[in-house]
Amino acid sequence: MLDTRVPSGDGVVKIPGVPVDVGPVSTVVGAALVNAVVVDAVEILVARGVDVPVFASQNVDGTDESNALLNARYRGRIRELG
């Protein structure tokens, strides 16, 4: 279990005149935790000598070729690539 430590109700900002807290943070905190778990897993696998396939951000120039290779490799396992 990953505890986000987000307060009950999710909001973290009190605004006078508004009956509930606003500014929900559970999504961003949850996403950061999941990404931290992925980073740790990749570090552990690399330390064990595993060649870890990582898709690169499409926002970075020069990643099309490496991503295309991974797309071809995993097309049968990832339905969205079909």
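None of the figures in this text is laboratory data; all of them are computed from the coordinates on show. This structure is a prediction, so every number in the text was calculated from the model and none was measured. Ideal geometry is used to build each Cβ from the backbone, glycine not excepted, and the neighbour counts take in all protein chains shown.
Using all alpha carbons of the chain, what is the percent of pairwise distances in each 10 Å bin, ordered from the shortest bin to the longest?
15, 25, 29, 18, 11, 2
Where Lys and Arg each count +1 and Asp and Glu each count -1, what net charge lies around VAL12 among other residues with Cβ under 13 Å from its Cβ?
Here the count lands on 0.
Arrange the following residues from fewest to most other Cβ atoms within 10 Å of their Cβ: GLU43, GLU80.
Listed from fewest to most nearby Cβ atoms, that is GLU80, GLU43.
Below 8 Å between Cα atoms, with a sequence gap of 6+, how large is the relative contact order for the chain in percent?
With pairs under 8 Å counted, the relative contact order is 15 percent.
So what's the back-of-envelope 222 nm ellipticity for the chain, counting only DSSP H runs of four-plus at -39500 (n - 2.57) apiece and dividing by all residues, rounded to 500?
That comes out to -13500 deg cm²/dmol.
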